[in-house]
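In what follows, a single structure is set out as structure tokens and then discussed.
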Amino acid sequence: MDVLIIGGTGAISHAVATEALARGDRVTLVNRGRGSSHPVPDGAEVVIADARDAHALRAAVGSRAFDSVIDFVAFTPAHVADDIDTFTGCTGQFVFISTASAYAKPVARLPITESTPLRNPFWQYSRDKIAAEDVLVHAYREDGFPMTIVRPSQSYDKTRVPIGGWTVVERMRAGKPVIVPGDGTSLWTVTHASDFARAFVHLLGREDVLGEAFHITREDAMPWDAIFRTIGHAAGVEPDLVHVPGDLIARLDPERGAGYLGDKCHSMVLDNSKIKQIAPGWTPQVSLAEGARELIDWFDADPARRQLDAGIDALHDAATRFMRAPLSVATALS
């Protein structure tokens, strides 16, 4: 297989590149060559270009043809429209990385399957991904553009803390309260990037997955409280958890709050039967407890990695003040 990955230095794109190389594929990465927490995997070719500059991407790729092209950094309909123009006729498969947050919110029925409707009135990120999917579906139906859609949910590796970044871990260790979506009992799916990648590579180069959509996630969803406590315990502390309604988070921080209302405040239990038909025998292997220990060790190994986000810190402080002050929630939402 000759595989082109647009991206390749993020958590799941790096894991996919590494997995594809391990099975013997030829892998070329297109990125801007900037610093990343993930090094280029051994054996991968790198082409330096801004993937969102269509002319630069075409010049970088030239006349090469690929069995599969995977775009990890396409977020809007315009992005995929450019991809269609660039790769029509020079790839047997184009894989668009969408998002499981595209599934209809509020959630009407669990578990979620690939046939669950797509609708997210809360989060522009998700709506843009849905619109991008629509462009690809149209291109497939009208022109036979060989696309496949993949919808990850919350993913992480040793470089990515899946509860709001390292700032949240730092707050736990300092004894500061950390906010949890809703009442802490909604179910959430956290998938290690390596587990995602082991299933994902089975999609590459297959004609029977063209025009299809797949999600790849763990199925053993955990309550949010358990997720925070698992990561806190890996960091050596018992976290002080504050349950916060999504509406309040959105009022205090509209940008981050959209992600809570459009994703994290809803139970996400996903049925992986479809991907298991393509990747027989696949099952996630990395538990959150194992993954949490790995990421804590990685951050602790180098103080420079432990970057703090003042905005996240301020949101946790503000939400805690509201929740722990009498009648404050009603006042904030009035």
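What the table below lists for this structure:
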{"read-out": "Qualifying residue in segment 273-282 (condition: in a loop (DSSP other than H, G, I, E, B), within 21 Å of the chain's Cα centre (by Cα) and not assigned by TED's automatic domain parsing to the domain that holds residue 226)", "value": "yes"}
{"read-out": "Subset of segment 68-99 (residues that are under 18 Å from residue 32 (Cα atoms), of a type in the set (A, V, I, L, M) and not in a loop (DSSP other than H, G, I, E, B))", "value": "69, 70"}
{"read-out": "Failed criterion for residue 232 (all others in (1) under 21 Å from the mean Cα position of the chain (by Cα); (2) in contact (Cβ under 8 Å) with a residue 12 or more places away in the chain; (3) part of a helix (DSSP H, G or I) hold)", "value": "(1)"}
{"read-out": "Hits in segment 1-17 - residues which are in a strand (DSSP E or B) and within 18 Å of residue 49 (Cα to Cα)", "value": "3, 4, 5, 6"}
{"read-out": "Filter result (acidic (Asp, Glu) and part of a loop (DSSP other than H, G, I, E, B)) within segment 27-67", "value": "42, 50, 53, 67"}
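The values are calculated or read from the model by the stated rules, or taken from the named source; none is laboratory data. The shown structure was predicted, so the numbers you read here are calculated from the model rather than taken from an experiment. Don't worry about glycine lacking a Cβ; one is built from the backbone with ideal geometry, like all the others, and counts go over all protein chains shown.
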